[in-house]
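J.: Can you keep this structure in mind? I'll have questions shortly.
Here, each number is a calculation from the coordinates, and none is a lab measurement. Since we're looking at a predicted model, the values are computed, not measured. When we count neighbours, we look across all protein chains shown, and the Cβ atoms used for this are built from the backbone with ideal geometry, even at glycine.
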Amino acid sequence: MPRYGIRPLERSDLSLLARWLEQPHWKAWWGEPADELAQIEDHIDSVSVEPLILELDGKPVGYAQVYDPHLEDDHPYADQPYGTLGIDLSVGEESLTGTGHGSAFLRQLTEELFDEGAPRVVIDPHPDNLRAISAYAKAGFQPLDRRESVYGPALLMFIDNPDFEGETP
């Protein structure tokens, strides 16, 4: 059975991320690699975004970031219930896409966020990114609606914490 791990991004991981950002399956959905890398580096010390490395059997194989849409001015998902967290997730190597690892990482990360008290988690693939939409659905996410963001069109998907005690999101 694969062993999945999630750890904070370290500056020493940036060269690996730079390589991943240049790969076609990243370039199709992420922005200009140098700009994206600079933003990710800024997130290392951010309060609103937590950058993470995904590990498979101890080896870095992907990137995720968790953000709080309520900590950013005019965030397009600030209408979600208070405490909602957002995730962006990409598998590093194209050879590992379509193998179930992305869904597995997403399930694990979502469970960790639920354990920390998040009532809802959202993710926002581009509506044309059918591979990501399928992976997110396998992890339990459901479509909520289509939105426009500063990054372009997005299919906002969500999953609610089944153990959340409080107002129903």
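J.: Sort GLU22, GLU148, GLU93 so the one with the fewest other Cβ atoms within 10 Å of its own Cβ comes first.
T.: Ascending number of Cβ neighbours within 10 Å: GLU148, GLU22, GLU93.
J.: From the helices alone, meaning DSSP H stretches of at least four residues, give me the mean residue ellipticity at 222 nm for the chain, per-run term -39500 (n - 2.57), in deg cm²/dmol to the nearest 500.
T.: -8000 deg cm²/dmol
J.: While we're looking at this one, here's another question. Cα atoms only: what Rg and Dmax, in Å, come out for the chain?
T.: 15.1, 43
J.: Separate question: Cα gyration tensor of region 88-135, axes a ≥ b ≥ c as square roots of the eigenvalues: rounded (a/c below 1.5), prolate (a/b > b/c) or oblate?
T.: Here region 88-135 falls in the oblate category.
J.: Quickly rank 30-40, 105-115 as a protection proxy: mean count of other C-beta atoms within 10 Å, highest first.
T.: Top to bottom by mean Cβ count within 10 Å: 105-115, 30-40.
J.: Moving on to the next point. Under the rule of at least 5 residues apart or a separate chain, name every residue whose amide H is placed under 5 Å from the amide H of LEU9.
T.: Answer set, sorted by chain and number: LEU52, ILE53.
J.: Could you work out the local net charge near TYR4, counting Lys and Arg as +1, Asp and Glu as -1, over the other residues with Cβ closer than 13 Å to its Cβ?
T.: 0
J.: Still on this structure, please answer the following. Hey, what do the phi angles of region 68-77 turn into as Karplus ³J(HN,Hα) couplings, whole Hz, using 6.51/-1.76/1.60 and θ = phi - 60°, x for Gly and Pro?
T.: Running phi through 6.51 cos²θ - 1.76 cosθ + 1.60 with θ = phi - 60° gives 10, x, 8, 9, 10, 4, 6, 5, x, 10 Hz.
J.: Please list, in order along region 86-96, the HN-Hα scalar couplings obtained from phi with the Karplus expression 6.51 cos²θ - 1.76 cosθ + 1.60 (θ = phi - 60°), rounded to whole Hz, x for Gly and Pro.
T.: The phi angles translate into x, 10, 10, 8, 9, 6, x, 8, 4, 5, 9 Hz.
J.: Which value results when the Cα radius of gyration for region 106-169 is divided by 2.2 N^0.38 Å?
T.: 1.15
J.: Could you tell me the center-to-center distance, by alpha carbons, between region 77-149 and region 5-66 in angstrom?
T.: That distance is 16 Å.
J.: When TYR136, TYR151, TYR4 are ordered from fewest to most other Cβ atoms inside 10 Å of their Cβ, what list results?
T.: TYR151, TYR4, TYR136
J.: Next question, about the same structure. Write down the percent of antiparallel bridges among all DSSP beta bridges whose residues are both part of the chain, to the nearest 5.
T.: That works out to approximately 90 percent antiparallel.
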